[in-house]
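Comments concern the structure below.
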Amino acid sequence: MQHRISITFPIMALLTFVLGGCQSTQTIHTAGNPAYINLYRAGSYNEAFEAAKAVPTSSHGSERLIAGMSLAALDRNDEALSWLKPLTASPDKNIRGRAEATIGLIYADEAKHSEAARMLQAASEDLAGPMKGWAAHYGAQEFGYAGDNMRADRMRTIAELRGPADIPSANEGQFTVQLGSFSSRSRAQSRVRATTPAAQNAGLDLPRVELTIANNRPLYAVRVGRFENSAEAQRASQRFSGDTAVIRTN
């Protein structure tokens, strides 16, 4: 039996960590980010690719990374790999690790589990902190699908030690309510417990923890609900005490 993962949402999660002050804790405002990042976050993958392609190649290669990720989101995997593979030799470990992770997810989507596992393992070695655990989480999954249970267990241990945040599931809503952002997962979980009764009373899903990056620091955001428009999200936010914010999810 073949196992496959949906590539779009893991790659969207990977973009949460992407470069140069791209802060996923921000609200709809996206000023200050390169155009290709803003276009990708808006789901305009064709435009993001064209914008990234038009940027002269830099020493860090962030534009090449976004070009490859955009192509992957468009299911143009062969083209995506042609942009991403050169980055696996990048001297910048952050760029290299993100490229390896995206390549690994492409291979996973194509049910090439051994190749996917190796790339995700490499990504976990190059990335740091929660990102390391994120790559290890998928690496363990792919090693398991490939029948290499020993390496799967090793990667699973790394993922557990690094405590990767919950991976957001696919959803149609473009907005969510943020109930707080914390430097530790334990504090975020405390906020989840404190806000669960209000979420249940409002008929919403249970609050969830999502990993975000702000000012190049990992943070654990507590979020609840998925809404088609900001007005719905704003109404839901009024059901919770404390500071809340309406966040765009793409």
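In region 89-106, what residues are in a helix (DSSP H, G or I) and without any contact (Cβ under 8 Å) to a residue 40 or more places away in the chain? Walk me through it before giving the result.
Looking only at region 89-106, we keep the residues that are in a helix (DSSP H, G or I), and these are 89, 93-106.
Matches in region 89-106: Ala89, Lys93, Arg96, Gly97, Ala99, Glu100, Ile103, Gly104.
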I'd like to check something: does region 80-88 contain any residue that is among the aromatic types (Phe, Trp, Tyr) and free of Cβ contacts under 8 Å to residues at least 24 places away in the same chain? yes
Please go through region 235-250 and pick out each residue that is in a helix (DSSP H, G or I) and surrounded by fewer than 15 Cβ atoms within 10 Å (Cβ to Cβ). Arg235
Given the options Glu125, Glu100, Glu110, Glu115, name the one that is charged (D, E, K, R) and surrounded by 23 or more Cβ atoms within 10 Å (Cβ to Cβ). Glu100
Out of Gly203, Gly180, Gly133, report the one residue that is modelled with pLDDT of 90 or more and either out of contact with any helix residue (DSSP H, G or I) (no Cβ under 7 Å at 6 or more places or on another chain) or crowded, with 17+ Cβ neighbours inside 10 Å (or both). Gly180
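The values are calculated or read from the model by the stated rules, or taken from the named source; none is laboratory data. What you see is a predicted model; the values in this text were computed from it and never measured. Please note: Cβ atoms are built from the backbone with ideal geometry, for glycine as well, and neighbour counts cover all protein chains shown.
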